[in-house]
Amino acid sequence: MEIIVFVKRVPDTESKIRVNPETRSVVEEGLNFIISPFDEFALEEALRLREAKTGKVTVLSVGPDEASVILKKCLAMGADEAVLVKDDARETYDGLRTAKLIAAAVKARFPKPDLLLFGKQSVGADNAQVPAMVAELLGLPQANVAVKLEIEGSKAVVRREIEGAAEKVELALPAVVSAQKGLNEPRYETLKGIMAAKKKVIPVVTPAELGFAGDALGPRVEIVKIETPAARQAGKIVPGAPEEAARTLVGLLRSEAKVI
Amino acid sequence: MVLVFIETRDGKIKKSSFEALGEAARRAADLGLAAGAVLVGPADAGLDGELFARGAAKVFRLESPALGAYSAQGYALALKGLVDEVKPLAVFLSATAMGEDLAPRLAAKLDAGMVSDCTRTAVEGGSLVYTRPIFAGKALATLKLASRPEIATLRPNVFAPAGPRAGAAGESVTKAAAVPEAAVGGRVTEVLKDAGDEIDVGEAEVIISGGRGLKGPEAFGLLREAAALLPRAAVGASRSAVDSGWIGHSHQVGQTGKTVSPNLYIAVGISGAIQHLAGMSASKVIVAINKDPEAPIFKVADYGIVGDLFQVMPALTAELKKLIAD
């Protein structure tokens, strides 16, 4: 199977996020960057499928040169190859822009992929747009928020999460699947993998090489404002022994907060 | 027109769709436009009246033999047909499992800009603006879209439904959607209901969440018992409880779980890691129950009880039972 996994470099989930209202962006200085956690589930699934069925796993990231750090990590985890689509644009929150870059890169470099795997969303932008957009641009079927994936001949059978239940979705391959937590438990990179990854060269493709010129990627999203939410104020501690505190709390929730 | 995709489950319109329709009707009114509701695939004839009562001036029904079971490809194709004809200013969907699956597919098909998971919309300078949490709520982005139509998904349980307006009427239009079977390469073949048919944390009005302080999976029973007493209540969890295998990951609230905005969030035995706080700080009222008075969760809680959850939770359940009995 030819599997392509799409990964994004994002700030660590433990990070405090500061914003710069003037540049309308998140302050990157001092942040620790990681591979977006949902993308790790996607990569792990690809590696397991390759181990079960043979084939090749390529990871691709759209981002600045620094994104090669997470691509190296993917290689160390076991991916065969990596590609960087170099894009120095600051976060645009425009999923379609990224999806167009990805779809063009897939067409240019992977004429016959079997499976395109994504994380269900990047943590940070939290858009959850790109997988379905790439599927549409390439004319492929999709299943998002997958917690189980099985390849049966020429189709993929996916269990995907919906509210309070799950759906079984059947897709004709090639297809796009996005991974949710619970799909698997990602492996750690091995020392051998890290050493091998160091020797691998990551080819870099530019948007111009993919045929994007002028304002072909002009964002459809305009950032009006980026701000931090008003901090919540600590409220009151309800005193007393458990029974008394519970009684007072229920009274407050009923008559003061009016939420029960 | 502002169009709203209406989602049904088991033949009924989802609450989140009425919320999206309410917001669409308010913004449409600001702009001197009307709100339209779209039902895709087979839907009960009685639903139109409910949609008129809740803000829709027009109800579109898109029908085709290929629209029986949900498929993003089929639904997006049907919606594109309607959008090409009606030329709406915007299309709103709920940020539900279906809406989040369908909206980006539709946006790409229309070459349209999209905003995900909005928690506020407004009209400023004649344009729609959308505010949404980023970094699971650590920051907020206000965005505008430079395309027609604009596509937005709206977070459930944030927006108020409109009305109901008694005796409201409108126009129902049924259209045959051009969706060839061959255009649908993937579809839902089965809906697998989990035990108990629980409400999802993303849609719940009350969430009672447990963390490391629960010490094991058993204590989630205390939370479920209390949640069962409240309408539209769900049990949530912190990442450490999920990663310990005490409860399924679909319950996780936080940056690698779900970002939620219920009316009431009760954090039980949760210290309040930054990635958890991000995911629940938009709740309207927060209650913290924790034995450590220094736990960061108390800094965001409206009400706190410093105590042993194994004593406080049964007492709370007893009080809720009394309240219901009254």
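See the values below:
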{"quantity": "Summed residue charge, Cβ within 10 Å of B:Leu89's Cβ, Lys/Arg positive, Asp/Glu negative", "calculated": "+2"}
{"quantity": "Set B:Lys193/B:Lys284; A:Lys8/A:Lys72; A:Lys73/A:Lys198 screened for pairs whose C-alpha atoms are more than 18 Å apart", "calculated": "B:Lys193/B:Lys284"}
{"quantity": "Percentage relative contact order, segment B:76-131, counting C-alpha pairs under 8 Å, at least six apart", "calculated": "29"}
{"quantity": "Listed residues A:Gly119, A:Gly193, A:Gly164, most fluctuating in chain A (Gaussian network, C-alpha, under 10 Å)", "calculated": "A:Gly164"}
{"quantity": "25 Å tail of the calculated P(r), chain A, as % of Cα pairs", "calculated": "51"}
{"quantity": "12 Å Cα-Cα reach of A:Lys155 towards aspartates and glutamates, excluding residues that sit fewer than 8 places from it in its own chain", "calculated": "A:Asp114, A:Glu170"}
{"quantity": "Bridge type composition, chain A - antiparallel percent by DSSP, nearest 5", "calculated": "45"}
{"quantity": "Cα centroid separation - segment B:59-83 against segment A:1-39, whole Å", "calculated": "35"}
{"quantity": "Compactness relative to 2.2 N^0.38 Å, alpha carbon Rg of the protein assembly as shown", "calculated": "0.96"}
{"quantity": "Antiparallel %, DSSP beta bridges [both residues in segment B:78-179], to 5", "calculated": "55"}
{"quantity": "Count of Lys pairs (Cα-Cα under 18 Å; at least 8 positions apart or interchain) in segment B:2-183", "calculated": "7"}
{"quantity": "Choice from B:Thr259, B:Thr189, B:Thr142 with maximal GNM fluctuation in chain B (Cα, 10 Å cutoff)", "calculated": "B:Thr189"}
{"quantity": "Set of lysines with alpha-carbon distance to B:Lys322 below 19 Å, sequence-local pairs under 8 removed", "calculated": "A:Lys258"}
{"quantity": "Computed label-point distance, nm, for sites A:Ala108 and A:Lys16 using a 7 Å Cα→Cβ extension", "calculated": "4.1"}
{"quantity": "Long-range Cα-Cα pairs in segment B:2-183 (distance over 23 Å), rounded percent", "calculated": "35"}
{"quantity": "GNM top mover of B:Gly236, B:Gly185, B:Gly269 - chain B, alpha-carbon springs below 10 Å", "calculated": "B:Gly185"}
{"quantity": "Computed over chain B, Kirkwood Rh from alpha-carbon pairs, angstrom", "calculated": "21.0"}
{"quantity": "Compactness index (Cα Rg / 2.2 N^0.38 Å), segment A:201-260", "calculated": "2.62"}
{"quantity": "MRE, 222 nm, helices only [DSSP H, n ≥ 4, -39500 (n - 2.57), over chain B, to nearest 500]", "calculated": "-8500 deg cm²/dmol"}
{"quantity": "Within chain B, percent of DSSP bridges classed antiparallel, to nearest 5", "calculated": "20"}
{"quantity": "Largest-first principal axis extents of the Cα set of segment B:206-325 (Å)", "calculated": "39, 27, 25"}
{"quantity": "CD proxy at 222 nm, helix term only [per DSSP H run n ≥ 4: -39500 (n - 2.57); per residue of chain A; nearest 500]", "calculated": "-9000 deg cm²/dmol"}
{"quantity": "Base-10 log of normalised Debye intensity for segment B:272-322 (one unit scatterer per alpha-carbon) at q = 0.27 Å⁻¹", "calculated": "-1.04"}
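Rule-based calculations on the coordinates, nothing more; no lab input. Remember, it's a predicted structure, so these values are computed and weren't measured experimentally. All Cβ positions, even for glycine, are placed from backbone atoms using ideal geometry, and neighbour counts span all protein chains on display.
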